[in-house]
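So the structure is just underneath, and the comments pick up after that.
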Amino acid sequence: MAGGSEEKQMQLELESVIGFNGHVPSGLISHPDREHLIYPLGCTIIIYNLNRRKQQFLHGHTNNISCFTASKSGKYLASGQVTYMGFKADILMWDYNKRECCGKLTLHKVKVEALAFSPNDKYLVSLGGQDDGSIVLWNVLTKEPICGSPASSLNAGHALTVTFSNNSDDVFITGGNGTLRVWEVDLANRKLRPTECQMGQLKRVVTCLAVAEDDSCFYCGTSTGDVLKINTRTKLLNSYGPQKKKFSLGVTTLRLLKTGEILIGSGDGKLSLCIEPDYKELNRVQLQGAITSITLRGQGHQFFVGTSKAQIYRFNYPEFKQELVASCHSEAINDIAFPFATAELFATCSKNDIRVWHTVSHEELLRITVPNMTCNAIEFMRDGKSIISAWNDGKIRAFTPESGRLLYEIVNAHSMGVTAIATMSNCKRIVSGGGEGQVRVWELGKDSQHLVESMKEHKSAVICIRLRSNNKECVTASSDGTCIIWDLERFVRKQMILDNTLFRCVCYHPEEFQIITSGTDRKIVYWEVFDGSPIRGVEGSMSGSINGMDISDNGSHFVTGGNDKLIKVWDYNDGEVTYVGIGHSGNINQLKISPLSKYIISVSNDGAILCWKYPYPV
Amino acid sequence: MRNMAVPEESIYNLIPKEEVKIQKPPRYTSTFRHSVKLEEQKNKAAHKTMGPAKVEVPSPKEYLQKHTKEATLAQKSALLNSTGKPPRCLAEDQKRPPVPPRTEQPILGIQTNKSFIKTNVAEAVLAVPKKPKPVYVDTKKGDKHLLETSGLVPKYIKRKDFGSTPEYLVKRNEEVRRAQEEYDAYVKERLKMGAMKQLSEEERQNVLEGLKKNWDELHHDYQGLSVVIDTPPKKAHKERLEAEMRQLERDIDVIERQKIIYIANN
């Protein structure tokens, strides 16, 4: 780790996380104590208290979590991760009550596909990914492997899912591409004995499994969009359906209810309450994104549904109406913006949408959606009356901040997409930078917007624009290796900074005599504004470029974040790291210190928004 | 199109507002609550809460018979009072003799043969002469009064409170005196209220000192005036100072000359 060398660095306190990785199958789990929701986000597991709305975090994985499960009693959690080809992927076992890691199980290669606890917490069964193809039974108490076996026969595809029977510690079931096996544990000989289920002519990819309460039969959801019912004792196909109107994009998750009904989530985001034998839909709700997990709270009077669009919904069984509990971006987040002089709200932008969040409650207050477009940068007008955004279709769009209506748009603002934007504090002009390297100044009239000047100096995309407080000067950072300080009255270049890097971020010191820049060379460099001469350079990161930087209002500290997934708080004068924040699981794309120096908000390309406590409050 | 009638949106309106909980005043409870409750309980009909009293049901043998509900004349009941005793006129030993029958002739012409003269003489002869009661005579005409009750005989000389003023008299005198005092005090107070306040010597000195201090300040200002009084404001200032000083001098003179000062109350 990079942080181990210096003792002075302290951990930055993580206040809250907005994010949910909806792509983990059955990743959203309602804990048996009925009070907590547990879900993975990148390489972190979040335990969310539903009543008190507080989050706790389990850190430990080194890469994205690929599967996640909780034991029936709720005492243990287990999570598996992915790694790079040729490396071993860990399974981490967590003690729920102590909220800490209690075991690291390493055998699988590259990816852990699925995990399941036995009903009495004796064993954990883990399924390796496609490159591993093995199934391993672990002793929960000793954290030792008991026995292993190839997951599927040679002429079948790889297994995708595993589940234990409800009453016996010795029987579990795996399903996958053309394979469906019931396994029995022979503990005396340390052997796993599989029995292939006979499905006749039927060729299916089993994506999810659910075992009936008395273990008499089990149900398999398939990618074809139907459900197979199989007798556990005879291992023969009992029935399958629906025959005609199959679930489109496959059955992604299914859950049995005490009432005998089946909850089926499909890949097109439809949640259906079905009843055997012909899987007639009693009730149906359309949600956003593919449904990846359904978890029952208690006996099923209430259940939570997670979707791949990173939404968590709550349902009450009798009403069967969705209620959005949490939402977040499911794509990489590109920018953050705070309204002037308040830390209570902030806006983030990502592919397809801009969202406005309430900082304390993490509530999504507004969502502005522009389908299939990516918003690269976002800025609030100083008067708070519009949200200005830069989009990759070359348009600058301004939205009203309450209703999210389109106020105006500047079409063809840049030919290769708008990549950076800044607004003047008098709300009269916008400075934008494009992918082709031009910096343009736009005058905002009452009902019209027109180009004032186009400045063609950069050879590549403009990444970051910062304005001086008197609106007469701005600095732009470009990925062609230059930073240019522009005169915004005569529209000419004042100074140019050249460095052997792709600049990612630039900041004015509040006194505006110096700027700090950083980029892919992982160096933070201080420059003189007057003559563009370098003052000093600091090594900003051991690995990975620096993508985001922000300086505090008084200029004493600044914050950086980048591909090393660490937030670093620096002392401006000493040029030394004072705090390090560990928590991101994706590359940090942008970070901002909130007005009034309360929080640091950082966003990453896995869609997570992390809110840190700023260690030097005013 | 921007509609000017609609107020412009602002991002700051999105900040969730803290709901202000209106503090309800405590619920009104009557101060008579307790007494009303007691009254209510007191005025409750006898068997409103507990039901009718449990009494033995009438025996089936005592069924309703013919004419039993008709009013019957009271017999003898008038003679007996509540005590159960017969009235005094009917008591055996106190019964007066029965009314004489109409046929009976009253006995007439009965005379006594006792000689009252003789018996009186005999009594007078045998009587012991009466001892005269001691008297005193207070006039020359010989008006007599009993000596015993006159107080001239030293009869109660050994009593403890002999010769002292009786207590009731002491009390009464004290009351009279206090009433008189109160009345006097009241009259004095009323008089005082009507009178004017006199300034004490100390107060007088204080007033004098204050006046002199004020005069000193004004004098200091006056001395500090510029030599050339050329503009109307300067002139006005000087005149004002002079007028004030003159007024103060007059006041000091008055207070110094008069030793006794009354303050009129109007």
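The values are calculated or read from the model by the stated rules, or taken from the named source; none is laboratory data. Bear in mind the structure is a predicted one, so any value in this text is a computation, not a measurement. Cβ placement follows ideal geometry from the backbone for every residue including glycine, while neighbour counts extend to all protein chains displayed. These accessible areas exclude ligands, DNA and RNA; they are computed on the full protein's heavy atoms, side chains included. Shrake-Rupley method; radii C 1.70, N 1.55, O 1.52, S 1.80 Å.
Leaving out ligands and nucleic acids, and using a 1.4 Å probe, what accessible area per residue does the protein assembly as shown come to in Å²?
Details: 51890 Å² over 884 residues.
For the protein assembly as shown, the per-residue accessible area is 59 Å².
So how far apart, in nm, are the two label points at B:Gln198 and A:Gln449 if each is 7 Å from Cα heading toward Cβ?
In this crude label model, B:Gln198 to A:Gln449 measures out at 9.5 nm.
List the lysines whose Cα lies under 27 Å from the Cα of B:Lys234, skipping any in the same chain that are fewer than 8 positions away.
In chain and number order, the partners are B:Lys212, B:Lys213.
Residues of B:9-22, mean number of Cβ from any other protein chain within 10 Å of their own Cβ, rounded to a whole number?
That works out to 6 on average.
Give the carbon-plus-sulfur fraction of the accessible surface of region B:197-263 in %, rounded to a whole number; probe 1.4 Å, heavy atoms of protein chains only.
Details: 2820 of 5180 Å².
That fraction is 54 percent.
A:His557's amide H: which non-local residues (gap 5+, or another chain) put their own amide H closer than 5 Å, with H modeled 1.01 Å from N in plane and none for Pro or chain starts?
Residues meeting the criterion, in which the H sits 1.01 Å from N, are A:Ser552, A:Tyr572.
What does the highest-first list of A:515-527, A:272-284 look like by mean Cβ count within 10 Å? Kindly include the intermediate steps, with their values, before the conclusion.
Working: A:515-527: 22.6, A:272-284: 15.3.
Descending mean neighbour count gives A:515-527, A:272-284.
To the nearest 100 Å², how much accessible surface do chains B and A hide from each other in total, with a 1.4 Å probe? Display every interim value, and only then the final one.
Details: alone 27840 and 25480 Å², together 51890 Å².
Approximately 1400 Å² gets buried when B meets A.
Sorted by mean Cβ packing within 10 Å, highest first, what order do the peptides A:126-132, A:240-246 take?
Values: A:126-132: 22.0, A:240-246: 14.1.
Answer by packing, highest mean first, reads A:126-132, A:240-246.
What residues have an amide H closer than 5 Å to that of A:Lys72, excluding those fewer than 5 places away on the same chain, when H is modeled at 1.01 Å from N in the peptide plane?
Residues meeting the criterion, in which the H sits 1.01 Å from N, are A:Asp121.
How crowded by other chains is A:398-405, given as the mean number of beta carbons from other chains within 10 Å of each beta carbon? Before the final figure, lay out each step's value.
Values: counts 0, 1, 5, 7, 7, 2, 1, 1.
Mean shielding by partner chains, rounded to a whole number: 3.
Could you give the length gained by full extension between A:Asn231 and A:Tyr616, i.e. 0.36 nm per residue of separation minus their alpha carbon distance, to one decimal place? Write down the numbers at each step before the final one.
Working: separation 385, 0.36 × 385 = 138.60 nm, distance 6.30 nm.
My answer for the length gained is 132.3 nm.
Once the other residues with Cβ under 13 Å from the Cβ of A:Val618 are scored (Lys, Arg +1; Asp, Glu -1), what is the net sum?
Details: positive: A:Lys598; negative: A:Asp553.
So the environment of A:Val618 carries a net charge of 0.
Summing +1 for each Lys or Arg and -1 for each Asp or Glu, what net charge is found among the other residues whose Cβ lies under 15 Å from the Cβ of A:Asn426?
+2
For n ≥ 4 DSSP H runs only, could you compute -39500 (n - 2.57) per run for the protein assembly as shown, divide by its residues and tell me the 222 nm figure to the nearest 500?
Working: 5 runs with 98 residues, N = 884.
About -4000 deg cm²/dmol.
Quick check for region A:385-481: number of Lys pairs with alpha-carbon distance under 25 Å, counting only pairs 8 or more apart or on different chains?
15
What ³J(HN,Hα) values, in whole Hz, does the Karplus curve 6.51 cos²θ - 1.76 cosθ + 1.60 give for region A:170-182 when θ = phi - 60°, with x put for Gly and Pro?
Those phi angles translate into 10, 10, 9, 10, 10, x, x, 6, x, 9, 8, 10, 9 Hz.
Return the sequence-ordered ³J(HN,Hα) values of region A:227-234 in whole Hz as given by the Karplus equation 6.51 cos²θ - 1.76 cosθ + 1.60 applied to θ = phi - 60°, using x for Gly and Pro.
In residue order, the calculated couplings are 10, 9, 10, 10, 6, 6, 6, 8 Hz.
Averaged across the residues of A:345-354, what count of C-beta atoms belonging to other chains lies within 10 Å of each residue's C-beta?
On the way: counts 5, 0, 2, 0, 0, 0, 0, 0, 0, 0.
Neighbouring Cβ atoms belonging to other protein chains average 1 per residue here.
Label points 7 Å out from Cα along the Cβ direction at B:Leu191 and A:Ser403: separation in nm?
Here the answer is 9.2 nm between the modelled labels.
For chain A, what % of the accessible area comes from carbon and sulfur atoms, probe 1.4 Å?
Numbers: 11660 of 24830 Å².
Carbon and sulfur together cover 47 percent of it.
Show me A:587-598, B:7-18 ranked by packing, highest mean number of other Cβ atoms within 10 Å first.
Values: A:587-598: 20.9, B:7-18: 14.3.
Highest mean packing first, the order is A:587-598, B:7-18.
Give me, ordered by chain and number, the residues 5 or more places off A:Arg382 or on other chains with an amide H under 5 Å from its own placed amide H.
Residues meeting the criterion, in which the H sits 1.01 Å from N, are A:Cys427.
Can you tell me how region A:236-322 classifies by the Cα gyration tensor, rounded, prolate or oblate, using a/c under 1.5 as the rounded cut? Each step should come with its number before you reach the end.
Values: a/c = 1.82, a/b = 1.24, b/c = 1.47.
It is oblate, given that a/c is not under 1.5 and a/b is not larger than b/c.
Calculate the FRET efficiency for B:Arg178 and B:Lys155 from the Cβ-Cβ distance with a Förster distance of 41 Å, rounded to the nearest 0.05. Please report the intermediate quantities before stating the final value.
Working: r = 36 Å, r/R0 = 0.88.
Given R0 = 41 Å and the Cβ-Cβ separation, E is 0.70.
Please give the net charge around A:Thr161, taking every other residue with its beta carbon less than 14 angstrom from that of A:Thr161, where Lys and Arg add +1 and Asp and Glu add -1. Walk me through the intermediate numbers first.
Values: positive: A:Lys111, A:Arg181, A:Arg204, A:Arg255; negative: A:Glu113.
Charge balance near A:Thr161 sits at +3.
Beyond a 29 Å Cα-Cα separation, which of these cross-linked pairs lie in this structure: A:Lys245/A:Lys309; A:Lys321/B:Lys17; A:Lys72/A:Lys309; A:Lys143/A:Lys258? Write out the running numbers ahead of the final one.
Details: A:Lys245/A:Lys309 25 Å; A:Lys321/B:Lys17 27 Å; A:Lys72/A:Lys309 27 Å; A:Lys143/A:Lys258 33 Å.
With Cα atoms farther than 29 Å apart: A:Lys143/A:Lys258.
Run down the lysines and flag those whose C-alpha is under 24 Å from the C-alpha of B:Lys188, throwing out any fewer than 8 positions away in its chain.
B:Lys197
Running a GNM on chain B with Cα contacts under 10 Å, which residue among B:Thr68, B:Thr149, B:Thr165 ends up with the highest mean-square fluctuation?
For chain B, modelled as a Gaussian network with Cα springs under 10 Å, the answer is B:Thr68.
Between B:Lys24, B:Lys212, B:Lys140, where does the largest GNM mean-square fluctuation fall for chain B, given springs only between Cα atoms within less than 10 Å?
Comparing B:Lys24, B:Lys212, B:Lys140 in the GNM, the peak value goes to B:Lys24.
Which lysines, on any chain, are close to B:Lys61 with Cα under 23 Å apart, when same-chain ones fewer than 8 places away are left out?
B:Lys69
Among rounded, prolate and oblate, which fits the protein assembly as shown when a ≥ b ≥ c are the square roots of the eigenvalues of its C-alpha gyration tensor, a/c under 1.5 means rounded, and a/b larger than b/c means prolate? Let's see the in-between values first.
Working: a/c = 3.71, a/b = 1.59, b/c = 2.34.
Note, shape of the protein assembly as shown comes out oblate.
Tell me, what ³J(HN,Hα) does each residue in region B:207-224 have, in order and in whole Hz, if you take phi through Karplus 6.51 cos²θ - 1.76 cosθ + 1.60 with θ = phi - 60° and put x for Gly and Pro?
4, 4, 4, x, 4, 5, 5, 4, 4, 4, 4, 4, 5, 4, 4, 5, 5, x
In square nanometres, what is the average projected area of the Cα convex hull of region A:41-134?
Numbers: hull surface 24.0 nm².
If I average the Cα hull's projected area over directions, I get 6.0 nm².
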